Amino acid sequence: MTAATRPAEHPLFGEVPGDISVSFEFFPPKTEKMEAQLWDAITQLAPLSPSFVSVTYGAGGSTRERTHATVARIARETDLVPAAHLTCVGASKGEIAEIVDQYWEAGVRHIVALRGDPPPADGGKFVPHPEGYTCAADLVAGLKARHDFDISVAAYPEVHPDAVSAEADLDNLKRKIDAGASRAITQFFFSTDAYFRFLDKALAAGITAPILPGIMPVTSFAAIRRMSGNTEIPVWLESMFEGLDERPGPRALVAAVAAADLCKRLYDGGVRDFHFYTLNKAEQTYAICQLLGLRPKSIPGENAA
Ligand SMILES: Cc1cc2nc3c(=O)[nH]c(=O)nc-3n(C[C@H](O)[C@H](O)[C@H](O)COP(=O)(O)OP(=O)(O)OC[C@H]3O[C@@H](n4cnc5c(N)ncnc54)[C@H](O)[C@@H]3O)c2cc1C
């Protein structure tokens, strides 16, 4: 090979200094086995010192107790900062007040405030509870009035499917920030262009709060399609996963590489805060953080004799 055709010596992840901050999202477990898997993931990821770890709230409020139990256990048994997801679905303002009072009493200070979707069985459009909050901005204002929570909200680089326009969706995000949210976390995406364009538009609309990219390693293509809403799934991504439906091992490795590549391109564009949808598994998220140069603050057993 001549010098002219030889590839340059620039490993993609060669000199990433790890000057990033990460947060991790989990879902509340349904069974004892899933509970063990969740705690294994939390234990493995905790040394990466996430700025917070959040626990989702099932569609229609179906995991109210489980979300609370998981968040309360994180608060009680770890040094991590827990964040509880909460939605407006199927609850009156009074019921939401009870839930958040319990969080406040358990020492939880961070809420991810969402409108939520109706349970799949109910299908279709979100209908507010007759005595409930009508949208996430309304919920943020209600939470802030009750306790001085640190609040995160959702953002959609490729526009929420219910929005009448991209501008209306951005106005809605601004209302959530103005109501007291201190950051937004995005729906997952695969186009760095879509994310950076969204950041530019948000800034132009006067939104200065951080907008953390939500990173989703692909574990199942069918699930990604189901959850994608308006998120474009590029043809190249689909072809990366071609033939891997029945091969979970290689699929997980390819997913980690694809997500790490997305993160590296975001990093090169100046992003330093990353939110990972872990799906209660540590390996992929840990590997991506490792490639971004992040190292554990304390390695369990390292100093053991
Ligand atoms: C990071 C993240 C975490 C999530 N976690 C969960 C979870 O734990 N549990 C869960 O059930 N779901 C969760 N979701 C999904 C979320 O609940 C859905 O996407 C839901 O459809 C919208 O919630 P929102 O908080 O963005 O709603 P909102 O911000 O209220 O907006 C929803 C849509 O309605 C429009 N809209 C809002 N108010 C008005 C108005 N007054 N007039 C006209 N249009 C309006 C907005 O433009 C937007 O298009 C999460 C999403 C993200 C991105």
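The values are calculated or read from the model by the stated rules, or taken from the named source; none is laboratory data. Predicted model, so just to flag it, every value in this text is computed and none were measured. Please note: Cβ atoms are built from the backbone with ideal geometry, for glycine as well, and neighbour counts cover all protein chains shown.
Enumerate the helices (runs of 4 or more DSSP H) found wholly within region 222-305, keeping only those where 1 or more residues are at pLDDT 95 or above.
248-268, 283-291
Identify, by number, the condition in (1) in contact (Cβ under 8 Å) with a residue 12 or more places away in the chain; (2) out of contact with any Lys or Arg (no Cβ under 7 Å at 6 or more places or on another chain) that Ala205 doesn't meet.
(2)
Whether any residue in region 41-48 is of a type outside the set (Val, Ile, Thr), under 20 Å from Leu114 (Cβ atoms) and buried (at least 21 other Cβ atoms within 10 Å of the Cβ) is what I want to check.
Within region 41-48, none of the residues are of a type outside the set (Val, Ile, Thr), under 20 Å from Leu114 (Cβ atoms) and buried (at least 21 other Cβ atoms within 10 Å of the Cβ).
Could you list all residues from region 179-200 that are in contact (Cβ under 8 Å) with a residue 24 or more places away in the chain and part of a helix (DSSP H, G or I)?
Thr192, Ala194, Tyr195, Phe196, Arg197, Phe198
Going through region 104-127 one residue at a time, which ones are touching a residue at least 60 places away in the same chain (Cβ under 8 Å), touching a helix residue (DSSP H, G or I) at 6+ places or on another chain (Cβ under 9 Å) and closer than 29 Å to Thr78 by Cβ?
Ala113
Would you mind telling me which numbered condition in (1) touching a strand residue (DSSP E or B) at 6+ places or on another chain (Cβ under 9 Å); (2) among the aliphatic types (A, V, I, L, M); (3) over 19 Å from His275 (Cα atoms) Ile111 fails?
Looking at each condition in turn, Ile111 falls short on (3).
Which one is farthest from the chain's Cα centre (by Cα) among residues in region 21-40 that are surrounded by 17 or more Cβ atoms within 10 Å (Cβ to Cβ) and charged (D, E, K, R)?
Glu35
Are any residues in region 98-112 surrounded by fewer than 16 Cβ atoms within 10 Å (Cβ to Cβ) and either over 23 Å from the mean Cα position of the chain (by Cα) or of a type in the set (A, V, I, L, M) (or both), and if so, which ones?
Hits for region 98-112 are Glu98, Asp101, Gln102, Glu105.
Where the second residue is surrounded by fewer than 17 Cβ atoms within 10 Å (Cβ to Cβ) and the first is free of Cβ contacts under 8 Å to residues at least 40 places away in the same chain and lies in region 228-247, which pairs have Cβ atoms under 6 Å and are six or more apart or on separate chains?
Leu244/Pro250
Got a sec? Which of Ala141, Ala136 is crowded, with 16+ Cβ neighbours inside 10 Å and in contact with a helix residue (DSSP H, G or I) (Cβ under 7 Å, 6 or more places away or on another chain)?
Ala136
If you take the residues of region 179-202 that are of a type in the set (S, T, N, Q) and within 20 Å of Ala113 (Cα to Cα), which of them is nearest to the ligand (Cβ to nearest atom)?
Per the criteria, the residue is Gln187.
Have a look at Ala194, Ala204, Ala184, Ala223 and point out the one that is touching a Leu at 6+ places or on another chain (Cβ under 8 Å) and more than 16 Å from Val257 (Cα to Cα). Give the derivation first.
Numbers: Ala194 fails: touching a Leu at 6+ places or on another chain (Cβ under 8 Å); Ala204 fails: touching a Leu at 6+ places or on another chain (Cβ under 8 Å); Ala223 fails: touching a Leu at 6+ places or on another chain (Cβ under 8 Å).
It is Ala184.
Taking interchain pairs and intrachain pairs at least six residues apart, which have beta carbon atoms under 6 angstrom, with the first residue in region 141-155 and in contact (Cβ under 8 Å) with a residue 40 or more places away in the chain and the second part of a helix (DSSP H, G or I) and within 11 Å of the ligand (Cβ to nearest atom)?
Ile151/Val140; Val153/Ala136; Val153/Lys176; Ala155/Leu173
Considering region 121-178 alone, what residues qualify as being within 7 Å of the ligand (Cβ to nearest atom) and charged (D, E, K, R)?
Of everything in region 121-178, those that are within 7 Å of the ligand (Cβ to nearest atom) and charged (D, E, K, R) turn out to be Asp162, Asp169, Lys176.
Would you check which residues across region 76-95 are away from the ligand (no atom under 13 Å from the Cβ), surrounded by 23 or more Cβ atoms within 10 Å (Cβ to Cβ) and among the aliphatic types (A, V, I, L, M) and list them?
none
If I go through region 1-20 residue by residue, how many of them are under 18 Å from Ala287 (Cβ atoms), surrounded by 10 or more Cβ atoms within 10 Å (Cβ to Cβ) and not β-branched (Val, Ile, Thr)?
Within region 1-20, residues that are under 18 Å from Ala287 (Cβ atoms), surrounded by 10 or more Cβ atoms within 10 Å (Cβ to Cβ) and not β-branched (Val, Ile, Thr) number 3.
Which ones in region 201-218 are surrounded by fewer than 17 Cβ atoms within 10 Å (Cβ to Cβ) and assigned to a loop (DSSP other than H, G, I, E, B)?
The first filter runs over region 201-218 and keeps only residues surrounded by fewer than 17 Cβ atoms within 10 Å (Cβ to Cβ), leaving 201, 203-206, 208, 210.
Matches in region 201-218: Ala205, Gly206, Thr208, Pro210.
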